[in-house]
Structure formats: structure tokens, C-alpha cells
Amino acid sequence: MGSNHTGADRKIPAHVAIIMDGNGRWAKQRGMPRTFGHTQGARVVEQILEDADDLGIRYLTVYAFSTENWSRPAAEVKALMNLLRRYMKTSLVKCAKNNVRIRVIGDKTKLEPDLQQAIAHLEEETASNTGISFQIAINYGGRDEIVRAVRRAAREGLLVDASAFDETALGSCLDTAGLPDPDLLIRTCGEQRISNFLLWQIAYAELYFTDKAWPDFDRAELEKAIDAYNHRERRYGGIK
Ligand code: FPP
């Protein structure tokens, strides 16, 4: 447990979502290629998953690749896909050991078939794990997710009685169906925007921005974000 932040009254957010920004800038500052930053970023993801679990966070969702990221140079896209491929294949044992459940959100149909298979395998193998739920957003866009959800609702006949189609019904068609909404959204490396991440789900999330680049993010930074969250007053549109 974290050294000097472990007040007994500290609330741990059940669901933390992270926009992991700044890999490229971090690498460039070190005179290294952008992909070096992504490699380091992937290591940090694994560490933060362990730290989040240790701190009592029940759901962690990270933005690994957006629907807009395909416009990056082909070599960078390939490097990111290779990192994700490697993660899917190497984390089976670790997830079993740590009781981690994995779900990939986003439009998986546009990914290479072998990556789709590796994802499906990891999701199946970890589906009955009861520890932390780890969601990785790949080829994910919040607007795209909502459009796909509406299409799914139409396919499943949920729009036949349009007046019965409500927020719960739409939520059940999203990639995140069954997950609670994020309580805390963290974005690293200075930018203060949402970039099409979890648009529906962050309606009442507390937002936390830090200047740290993702490869420098660590447990102490996560605890700082949790401490900031503890100083927010969540009113959900009501009054105190
Ligand atoms: C943003 O930094 C980061 C990304 C677009 C990729 C994030 C992916 C990882 C950290 C690897 C994911 C791995 C696993 C195992 C889930 P940027 O490249 O936009 O940085 P910049 O803004 O400095 O250019």
C-alpha cells in the first residue's frame, strides 16, 4: 500500500480510466524514436495494472489505440499493433496468476485476424477471473462505439418500440456493457481534452490532468490522482 497516502477514510474509485498520452514526446526528448516511448509505455501499463489492483481499484480502462490513430505513419501503427499482439500473448499466465479479467473495447473487426484471435483467446481464458477487470481500448472511438451500439440495438429489435429504448438499453449495447461508469478519468502529458474516449460513460467522471508523460507515470502519480479525486465533491447534478 502507498506510503503516506493511506488514510483509512480515503475513497478508492471503483473504476479508473486513463488516456495514456505523451509516449512520443517522452521518447523524442531522449533522442529516441517514438516507438521507444510506446514500448516503455506498455511496460508502465503492466505496472499500473498491478498497482491499481493493489490499491483496490476494481476496473481499469486504458486508451491504447484510437479510431484516429490509423492516420499515424504505417511503421508506428505497426509497432503499436505488435506491442498489443505481444501483450495479448504474454499476459495469459500473468492474468491467471493475478486473477485479472481482460476485455478489449473498440471495433475489433478492423484488426489483423491473428490479433483478433489472440484477443478472443485472452478474453475467454480470463472471463471467469474475479479480480480486477482490465479493459484495453483498441481501434476505439466514443462516437464510433455509440453508432455501433445503435446499430446493434436495431439488429436486436430494441428500437421497434422506440419509446421503450432508454439509457439502460443503449448502455447494454455498448462495448462496456456490464461495467460501471468510470469514477475518475486521468490524462497524462499536459493536454486537457477527452479525444473521443468513453464519451457516454464519463458523464459524471471526475477529470484529472497531469503534466507527467505516460512513460513516467507510476504508482505515486496514481495515488496523487486518487487523492485529488478524494477532494472532489461529486453531486451528480444534485445539491449537497
Ligand atoms: C499516446 O502517446 C499513446 C498512444 C497513442 C499509444 C498508447 C499505447 C501504449 C502505451 C501501449 C499499449 C500497450 C498495452 C499493453 C495496452 P502519443 O504517441 O500520442 O504521444 P505524443 O502526444 O507525445 O506524440
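Here are the numbers for the structure shown:
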quantity	calculated
Lys, Arg +1 and Asp, Glu -1 on Cβ, resulting dipole of the chain about Cα centre, debye, nearest 20	540
Residue (of Gly141, Trp200, Gly157) at the positive-pole extreme of the chain, dipole from beta-carbon charges	Gly141
Ile194 paired with Ala154, simple spin-label distance in nm, labels 7 Å along Cα-to-beta-carbon	2.4
Within the chain, helix-based [θ] at 222 nm, where runs of 4 or more DSSP H residues each add -39,500 (n - 2.57), nearest 500	-13500 deg cm²/dmol
Of Lys11/Lys212; Lys28/Lys110; Lys110/Lys212; Lys28/Lys78, pairs whose Cα-Cα distance is over 26 Å	Lys28/Lys110; Lys110/Lys212
Segment Arg72-Lys28, extension gain: residue separation times 0.36 nm, minus the distance between their alpha carbons	14.3 nm
Shape of the chain, Cα gyration tensor, a/c cut at 1.5	rounded
Relative contact order (%) - criterion: Cα under 8 Å, at least six apart; region: the chain	28
Prolate/oblate/rounded call for segment 35-155, Cα gyration tensor, a/c under 1.5 rounded	oblate
Cα→Cβ-extended label distance, 7 Å offset, between Thr168 and Lys110, nm	3.3
Local electrostatic count, Glu76, Cβ distance below 14 Å [Lys/Arg +1, Asp/Glu -1]	+4
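Throughout, read-outs are computed from the coordinates displayed, never taken from laboratory work. Just so it is clear, the structure is predicted and the values come from calculations on it, not from any experiment. Note: ideal-geometry Cβ built from the backbone for every residue, glycine included; neighbour counts use all protein chains shown.
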